[in-house]
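Here is the structure we will look at, set down as structure tokens.
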Amino acid sequence: MSALSIADLVGTWRVVRSEIPAPYELGQEFFHFTPEGHFLCEHPFGEQPKPVLVWAYHCEPAENGVWLSNQARTWRRHLTLRFDGELLVMTGQHHGYSSWLQRIPVNERPDFLTRFYKAAV
């Protein structure tokens with residue numbers, strides 16, 4: 001399997017199917033891949049003092065996904081990614097469950113997202 005490029009991943013993605021068991025709910029998190037090589041997890045409905053939570057990671061393509069690291073590069077984790085047609089299948093290393101992501105078109109951008117990246121053309 002060849003490595004995915006950042007250009008393949010750029011965009012804002014929503015979860016349309018997941019193996020993660022309850023209490024996980026679809027529509028509670030969104031993922032962004034930026035042209036600059038960052039991966040952002042956005043949780044707009046978090047129950048923290050700040051209602052919108054965004055985690056940012058540096059993203060490096062790997063043979064079967066990407067390597068994520070914090071900005072200081074002191075932490076690193078592999079995220080398995082593959083395409084299933086137009087859907088991006090993401091499998092978390094720490095729990096082993098897969099989720100199917102759909103890239104959100106510009107005309108369907110949810111108002112509550114603090115960030116949005118359109119697909120690289």
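Read the figures in this text as sums done on the coordinates, not as results from a lab. Keep in mind it's a predicted model, so treat the numbers as computed, not measured. When we count neighbours, we look across all protein chains shown, and the Cβ atoms used for this are built from the backbone with ideal geometry, even at glycine.
At-a-glance table
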| item | result |
| --- | --- |
| Taking the C-alpha atoms of the chain, convex hull volume expressed per residue in Å³ | 117 Å³ |
| Under-5 Å amide H pairs with Ala120, H placed in peptide plane, nonlocal only | Val10 |
| Residue-by-residue Karplus 3J(HN,Hα) for the range 7-17, coefficients 6.51, -1.76, 1.60, Hz, glycine and proline x | 4, 5, 9, 3, x, 10, 10, 10, 7, 10, 7 |
| Order of Phe116, Phe31 - criterion: other Cβ atoms within 10 Å of each residue's Cβ, fewest first | Phe116, Phe31 |
| Calculated from backbone phi, Karplus (6.51, -1.76, 1.60) coupling profile of the range 22-30 in Hz, x at Gly/Pro | 3, x, 4, 10, 4, x, 9, 9, 9 |
| J(HN,Hα) series, the range 103-117, from Karplus relation 6.51 cos²θ - 1.76 cosθ + 1.60, nearest Hz, glycine and proline x | 5, 8, x, 3, 6, 10, 4, x, 4, 7, 6, 7, 9, 7, 10 |
| The chain: calculated mean residue ellipticity at 222 nm from DSSP helix runs of at least 4, using -39500 (n - 2.57) | -500 deg cm²/dmol |
